[in-house]
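A quick write-up on the structure given underneath.
The values are calculated or read from the model by the stated rules, or taken from the named source; none is laboratory data. Predicted model, so just to flag it, every value in this text is computed and none were measured. We place every Cβ from the backbone using ideal geometry, glycine too, and count neighbours over all the protein chains shown. Ligands, DNA and RNA are excluded from the accessible area calculation, which covers all protein heavy atoms including side chains. Shrake-Rupley method; radii C 1.70, N 1.55, O 1.52, S 1.80 Å.
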Amino acid sequence: RTQVWDLDLTPLLRNIDDTNMQMIFAVDKLHSECRTPRSNKDVDSMVIYFIAMRQWASHVRDHLVDCLAPVVASTASTRGVNMKEITADGVSSPISASNMTASPVILDSVGVNQVLTQQLQSLEDRIVQTSTRVVTLQPQQSILRNVEVSLLVTLSHIADVAHQYQKSMLFVEVLLQRQLVSAVSRIVNISDFSDYMKYHNRRLLCHPLNPVPFSYAARRSPTHSPEGSIRIEERFPNSPNSEFSPIETFVRIDSNYLHPVTTTDITLTAATTIRIAGARYAHSFTAHRFHSSSENVELRLLAQARQFSSVLVLLGSLSATGVFTTTDAFMVQNKEEIVVPLILEQLPTAREFRGGAATSWVSSDQANLAQALRSKQLQSTVFAVCIIQVKPHLEQVLNLPSESLSKEVQLTQALIDLFVHHQIPSNYLCVGPEAAASHSVEGEATADLIATVRGHVANMQGMLKSSKLGATSLASVAVTETHARSHEVEPSMRIGTHPSPALLAPEALQGYPILGGSDFWRFPARVERQCERFGCDDILHPSVLTASRRDWIKHSPPSAGVDMDEKMRQVERTSCFHLLDALSKSGALVLDKAELHALMPVTHFLDATLMEAVARDGGLDPLSAVERPTLLMAATLQGLPPQEVVNAQQLLRVARTHPQLFPTAANANTNNSVAAEDVGTDGLMG
C-alpha cells in the first residue's frame, strides 16, 4: 500500500530573500504576544515546523529502511549490511545547542555561508564514506546504490538538524533561566515563593484582614492561662533549613457565637449528637505547588496540653446542613503532644471540570450527575477542627461553680477516669441542684461542694475496687497521679502561639473581622463562582485536607514519642466519645467552652518550577496571577467587595493590574446588582 508524507516548504522559503538568497527571519518584538526571545509567535511557529520536518524525515527514512531491509538481507552481496547504520553521524550541523555560550557571536552573511559550506562538504564526505562501505563492486547487481545511500543519509541529517533546532530553543530557555537566577542571586524554590506570598499578602490587604498564623490557644477567658494549643504547620522537605511553621490563613469569626442560642451539632455516633457553642472561625488557606512532586508542602496538625490540663480535639468535616461529622478524636493532657500528618489532595479546576463535563458525548443526565458530584467534592473540601475544654464542662455537668476544679488536679483525673473507662453516669457524681443553688460561689461553701463531689468519687471508686472491673483502672489512676505530682507546673507551649481571639470578651475582639452567617461549607462553591466570573478559574485547584491514616505520633513526657497505630487511635476516639457523652449528658447540655475552625484550602499549581515558568513564558507574572484569586478569596470570605479588602496604599496598583475587579462608576450599579443576586442578601458568605 502506498503511503504519502507531505512537508510544506513554504515556511522555510518565506524566510529567504530571493534577491540575494539571504535569511530574513526575525522576531516581531512589538507584537503583543512577544515575551522573550524564545516565547513569541515567530519562534513558536518555527519550532512547530521543525517538529513536523523531523517527523517527516523520520517517517520517510523508516519506510525506505523497512522496504529495503528484507531485500538487502536476502541478497548475497549485501547480506552483511546493517541498514540502521546508514546514518548522518559525524555530519556537521549548522545548529548546535552545545556550541552556544552566554556571549554568542553574531555571524554576518559571510560567516553564515562558511558554516553552510562546511555543512555541505561534511554531508558529501559522509555519503561517499558510507557508499564506499556498503555499495558492492557491481552496483548494477545490488539493491543498494549511491542514490539510496545518499537519500538515507540526507534524510537522517534533516531529522538531526530539526532536532538540533528544538534543542537550541530549549537551550535559549536555559540561558534565560540562568540570567533570571543571576539577577535574584539564587534559585527561587517553592519555599521561597510561599514565604514571599505571605509577605506580599500582608502588604496587599488592609490590616484587619491580613492573614494570621493558624495557631490558637484554648483558654477560659483572657485572664486565664491556656489549657492547651492547636496549630496547623507546614514544611517543605527539600528546602534547605526547612522547619515546621504555622500556615497563614485568612480568618473570619462568626458573630453568632455571641448568642448562646446559636449552636453547632457534632455527630458522635448514629444515636448521639452533641451541641457546642462558642467561637466559630472560617479559614482560607492557599498552598503553592510546582510540577515536581518532591517539592510538595508537608502539613501536620499539632495539639498540645499544659501540665495538669486537658483538651479534647475533634477532626472531621462540615456537611451541607452545617453538621460536624467526626472522623478522628483524641484528648491531650499533662504536657502531651500529638502530631497528626495531614494530606492535601487537589481537585480539578472549574475550567478543567467544565471541559470534561461539556464534551459532545456527555448527555444532559450525565452532565447533571457530574455537576452533583462536583458539588459533593467542593463540600468535602471544608476541613473542620473542634477544640473542647474539659474542666469547665466538668464543673457544668457536676453543678459546681465556675473555676472550682482549677486546682483540683487529682479529683479532675479521677472524674475523667470514671467517665471514660467506666461510663459512670454524671448523676452519681454531681452535686444536687438544691445544694448547688443554696451555696455561694466563693469561700467555704465552694469547698463544701467540692468535698461532696470528692465523697461521691471515693464511694464510686470503692465500689469499683471491690469488683473485678475496677482493679486495673484504679491502678492506672494511681500511676497517673504519681506521675503528675512528680512534675512541676511549667509552660509547655511553644513560642509563637497566636492568642485565640475566640475566647476574648467582645470588646477585646477589635481588629478581627466578625461577621454574621455561619454557612462556611458554602464557601468553596462561592469562590469557584467568583473565579469563573472574573476569569481566573484555571489558577486555583479546590483541595481536600484530611488526616492521614498513618504516622501519628504521641509524645508523653518524659517518655519518647510513640507511633499511634489504627488500634490506638480507635481507643482514643472511643475514650473521647465517652467523655463527651458524659459532659453533655448525651446531648442534653450545650458545651459552650469550645471552638470550631472550618478550614477551606486551595492549591495554586504551576506546571513547571517558578524559574522555568518565568523564563519560558516571559510575560508570566506569577505574583499577579495568584494575586487576583487571593483577593477574591479574601473578599468572598469577608462578604465584602474587592476594593474594601485592599490596602489603601496598594489600591491604585491593584486597580491597574486587575481592572476587572474594580468596575467603573458607569457599570458599578449593574455589577453590584449581579453580585447581590449571586451571593444573597447577607453578602458573599451570607
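For residues that are part of a loop (DSSP other than H, G, I, E, B) and either at pLDDT 95 or above or over 19 Å from G316 (Cβ atoms) (or both), tally how many sit in region 552-585.
Residues of region 552-585 part of a loop (DSSP other than H, G, I, E, B): 556-561, 565, 584-585.
Checking which are either at pLDDT 95 or above or over 19 Å from G316 (Cβ atoms) (or both) leaves us with 556-561, 565, 585.
The total comes to 8.
Is there a residue in region 275-290 that is modelled with pLDDT under 85, among the aromatic types (F, W, Y) and under 12 Å from the mean Cα position of the chain (by Cα)? Yes.
Of all residues in region 293-317, those satisfying the criterion of being open to solvent by 30 Å² or more (accessible area, probe 1.4 Å), under 19 Å from the mean Cα position of the chain (by Cα) and not charged (D, E, K, R) are S293, S294, N296, V297, S317. From the residues in region 318-364 that are within 23 Å of the chain's Cα centre (by Cα) and closer than 22 Å to L583 by Cα, which one is modelled with the highest pLDDT? Per the criteria, the residue is D328.
Quick check on my filter: what residues within region 196-217 are in a helix (DSSP H, G or I) and surrounded by 14 or more Cβ atoms within 10 Å (Cβ to Cβ)?
So in region 196-217, the residues in a helix (DSSP H, G or I) come out as 196-204, 207-209.
Hits for region 196-217 are Y196, M197, K198, H200, N201, R202, L204, L209.
Exactly one residue out of L64, L7, L12 is among the aliphatic types (A, V, I, L, M), open to solvent by 40 Å² or more (accessible area, probe 1.4 Å), under 21 Å from S168 (Cα atoms) and in contact with a helix residue (DSSP H, G or I) (Cβ under 8 Å, 6 or more places away or on another chain): that is L12. Of the residues making up region 342-350, one or more are over 18 Å from V311 (Cβ atoms), open to solvent by 30 Å² or more (accessible area, probe 1.4 Å) and acidic (D, E).
Taking region 498-538 as the range and being modelled with pLDDT of 75 or more, in contact with a helix residue (DSSP H, G or I) (Cβ under 8 Å, 6 or more places away or on another chain) and buried (at least 20 other Cβ atoms within 10 Å of the Cβ) as the test, the residues that pass are F523, P524, R526, V527, E528, Q530, C531, C536.
Report the residue count in region 529-551 for those that are in a loop (DSSP other than H, G, I, E, B) and touching a strand residue (DSSP E or B) at 6+ places or on another chain (Cβ under 7 Å). Full working, then the answer.
At the first step, the residues of region 529-551 found to be in a loop (DSSP other than H, G, I, E, B) are 534-539, 548-551.
Checking the rest, the ones that are also touching a strand residue (DSSP E or B) at 6+ places or on another chain (Cβ under 7 Å) come to 539, 548, 551.
Number satisfying all stated conditions: 3.
When Q166, Q114 are screened for being open to solvent by 50 Å² or more (accessible area, probe 1.4 Å) and at pLDDT 85 or above, only Q114 passes.
Answer yes if at least one residue in region 118-135 is among the aliphatic types (A, V, I, L, M), open to solvent by 80 Å² or more (accessible area, probe 1.4 Å), farther than 21 Å from P37 by Cβ and at pLDDT 85 or above, and no otherwise.
Restricting attention to region 118-135, the residues satisfying the condition of being among the aliphatic types (A, V, I, L, M) are 120, 123, 127-128, 134-135.
Add one more test, that the residue is open to solvent by 80 Å² or more (accessible area, probe 1.4 Å), and what stays is 120, 128.
Narrowing further to those that are farther than 21 Å from P37 by Cβ: 120, 128.
Retained after the next criterion (residues that are at pLDDT 85 or above): 120, 128.
Yes - at least one qualifying residue is present in region 118-135.
Screening S191 with (1) more than 30 Å from R306 (Cα to Cα); (2) over 30 Å from the mean Cα position of the chain (by Cα); (3) modelled with pLDDT under 90; (4) among the polar types (S, T, N, Q) gives one miss only, at (2).
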